[in-house]
Each structure stands twice: as structure tokens, then as C-alpha cells.
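Derivation of every value follows stated rules applied to the coordinates shown; laboratory data play no part. Fair warning: this is a prediction, and the values are worked out from it, not measured in the lab. All Cβ positions, even for glycine, are placed from backbone atoms using ideal geometry, and neighbour counts span all protein chains on display.
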Amino acid sequence: MTKKESKVWEYLIKNRKADYAIVADECGVDIDFVKNMVSRISSDNWREETNATRAAGRGKILDTAKDLVTTDRAEQHGDAEANFRMMATYWNTHLGLIDFIKVDDVPIMLSLMKIARLHGDGTKNLDNYIDVCGYMSLGGEIAET
């Protein structure tokens, strides 16, 4: 396989739904070159996302959340559990409750806030999904102690 062919295949694998003209521009080849290569693919559904591609996307979301919760962010944001405890206190006070909202309720409620954002304006901001994973992992840690 030539270097040009390898470049086109790699681009097509990463960008299965890309228009042939875009592939040609990105890879520095003629559009007929791209069409010829695609014509060699025997499967009609090659443009469909593969399980591996979807799994990689899931892994990226989880890896990003993991990076956020496993790096020392206490200097920037303070200790997570202490912050959650303070939030629970403030929320209880605001609602006129006495120790109703517990520290382990806070990451769940923050996750629900992120989920509400996803439903609210119809935008599917990836940060909301990442933050839900992060909040729930922090909640899991608190629940284990």
C-alpha cells in the first residue's frame, strides 16, 4: 500500500461519514483517487460507526472524567467531600431543613443538575456527560467511607 493510500484509509476510518471531496482535500489527493479506493470496499455499511469507535468515545468520556477527579484539584476547588458537606448545609439552610440533605446526596443532585441541562435547551454538551461521571465517582468514594 502506498503512503497516499494509507493516509486516505486512516482518514476514512477516523471520518467514516466524510464527503469524498473533504477526504481528498484533507489527504492531498484527487477525488477520483478517493472514489477508487472506496469502490474496493465490499461492505455497504462501512460508513456506519463500529462498536470499537463507539467504545473509544465512551472511553474518552470516562478518561476525561477520571483525569478530572484523580488529579489534585483541591488547591483550585477545595476538598470535594468538604465542599459537598458545605453545599448540603447551605441547601438544608435555604430550604429550612435540618440535616435532611446528606453529603452523599450532593453529587447525585449535582448530577441531576447536569442531566437537567442536557434536557433543558436541547444541546448535548459533552461536558455535562463528563461531569455526571465525575460527580458520581466522587459520590461513590464518599459512600464507601
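For the range 125-145, name all the residues that are hydroxyl-bearing (Ser, Thr, Tyr) and part of a loop (DSSP other than H, G, I, E, B).
Thr145
Kindly list the number of the only condition in (1) in a helix (DSSP H, G or I); (2) within 27 Å of the chain's Cα centre (by Cα) that fails for Arg16.
Result: Arg16 fails condition (1) only.
Checking Asn92 against (1) touching a residue at least 12 places away in the same chain (Cβ under 8 Å); (2) over 24 Å from Lys60 (Cα atoms); (3) surrounded by 15 or more Cβ atoms within 10 Å (Cβ to Cβ), which single condition isn't satisfied?
Condition (1) is where Asn92 drops out.
Do you know which residues across the range 69-78 are over 15 Å from Met136 (Cα atoms) and surrounded by 11 or more Cβ atoms within 10 Å (Cβ to Cβ)?
If the condition is that a residue be over 15 Å from Met136 (Cα atoms) and surrounded by 11 or more Cβ atoms within 10 Å (Cβ to Cβ), then Arg73, Ala74, Gly78 are the ones that fit.
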